[in-house]
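Peer 1: What follows is a single structure, and I will ask about it in a moment.
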Amino acid sequence: MEVTDEDAVRARTLVEAYQRITSEIGKVIVGQEGVIEQLMIAILARGHCLLEGVPGLAKTLMVRSLADAMQLSFRRIQFTPDLMPADITGTDIIQEDPQTGHRQMVFEMGPLFAQMILADEINRTPPKTQSALLEAMQEHSITVGGHTYTLEEPFFVLATQNPIEQEGTYPLPEAQRDRFLFHVRVEYPQRDQERLIIERTTSTFEARLEPVITGEQIIDCQQTVRKVPVPDHVVDFVLDLVRRTRPREEDAFPFVRELIEWGPGPRACQHLVMGAKVRAILKQRYHVTLDDVEALAYPVLRHRIVPTFNAEAEGVTVDQIIEKLLAAVPRGTRDRAL
């Protein structure tokens, strides 16, 4: 696909916006540069994120700050065992006209009608409510009472999970986890970062975020990144990487058959390519390299690989399996300047 001057201008605008957004978020969030980059990639690839981290790592503040910097409406939904689908989608209510006394059904919008949704502890709510959220993620619309309502674009869902408390939860099935573009892990801050966090949050420090980009501009950027070319050898690497996670493939590695029960489907290939396109532009390139794919292999694959009982018994993590895959899959033709 030929790159036009307009595409090049949009790409430069996107890079500048990304740099300014990270700078603005840095006013309130200490560290977590990799997490912020992955969130930005997911938004620009028109995907959603499953975020995993212990409590107290400022996940909510991070998402709210990102929404403010991108001028997106933001709603936080705290998922609980008694939350019903109508509590997040909205419901029809009977409303009476005070002038005529005539009654009619009026749709009362739920918190899903925002551009950036933080679904806090999604594994704490029953499958029926989880499914209502996942329908909105996939279709960018919801259906209530036989009527379909389109959600405002761009629409982005960030769902969080607590990795240390699993009693009384409703874990997302593999098919539903597959709907998320990335599974991002938020780690503890480093010592110097945690010191700065203490200083900021226990003093009179206050930061104001300046808006950087609008929703309409984000939609334009989402279209621009789709035009980024992907060389054949990069596509081949994506196919080899994903297909060799499937233990029933003829060319699967012996350790794959031992450690993986089920591998990812074709959506993993799609998400790897789309994410790599966005990352290429953010790195100020208009072509995808193997480095882009390798950098995103962990967040794309970690929630799509189902380990065997033997792997879990031996304490082998999914990230360790992905590391072995990246080391074993041949690279083929090396990247070259395009």
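Peer 1: Quick check, is LEU44 under 19 Å from PRO211 (Cα atoms), in contact (Cβ under 8 Å) with a residue 40 or more places away in the chain, touching a Cys at 6+ places or on another chain (Cβ under 6 Å) and not polar (S, T, N, Q)? First the steps, then the outcome.
Peer 2: On the way: under 19 Å from PRO211 (Cα atoms): yes; in contact (Cβ under 8 Å) with a residue 40 or more places away in the chain: yes; touching a Cys at 6+ places or on another chain (Cβ under 6 Å): yes; not polar (S, T, N, Q): yes.
Yes: the conditions hold for LEU44.
Peer 1: Moving to a separate point now. Residue check, GLY315 against (1) buried (at least 18 other Cβ atoms within 10 Å of the Cβ); (2) part of a loop (DSSP other than H, G, I, E, B); (3) not hydrophobic (A, V, I, L, M, F, W, C), all met but one. Which one?
Peer 2: (1)
Peer 1: So if I check each of GLY56, GLY26, GLY31, GLY47, which one is of a type in the set (Gly, Ala, Ser), in the same structural domain as LEU181 (by TED's automatic domain parsing) and touching a strand residue (DSSP E or B) at 6+ places or on another chain (Cβ under 9 Å)?
Peer 2: Result of the check over GLY56, GLY26, GLY31, GLY47: GLY47.
Peer 1: For the stretch 137-173: of the residues being small (Gly, Ala, Ser) and modelled with pLDDT of 85 or more, which is surrounded by the fewest Cβ atoms within 10 Å (Cβ to Cβ)?
Peer 2: Among residues in the stretch 137-173 that are small (Gly, Ala, Ser) and modelled with pLDDT of 85 or more, the one surrounded by the fewest Cβ atoms within 10 Å (Cβ to Cβ) is SER141.
Peer 1: Within the stretch 123-180, can you find the residues that are among the acidic types (Asp, Glu) and in contact (Cβ under 8 Å) with a residue 40 or more places away in the chain?
Peer 2: GLU152, GLU153, GLU174, ASP178
Peer 1: Going by the structure shown, is THR4 modelled with pLDDT under 85, over 28 Å from GLU139 (Cα atoms) and touching a helix residue (DSSP H, G or I) at 6+ places or on another chain (Cβ under 9 Å)?
Peer 2: No; evaluated as a whole, the condition is false for this residue.
The values are calculated or read from the model by the stated rules, or taken from the named source; none is laboratory data. Worth saying up front: this structure is predicted, and the values here are computed from it rather than measured. Positions of Cβ are backbone-derived with ideal geometry, glycine not excepted, and every protein chain shown enters the neighbour counts.
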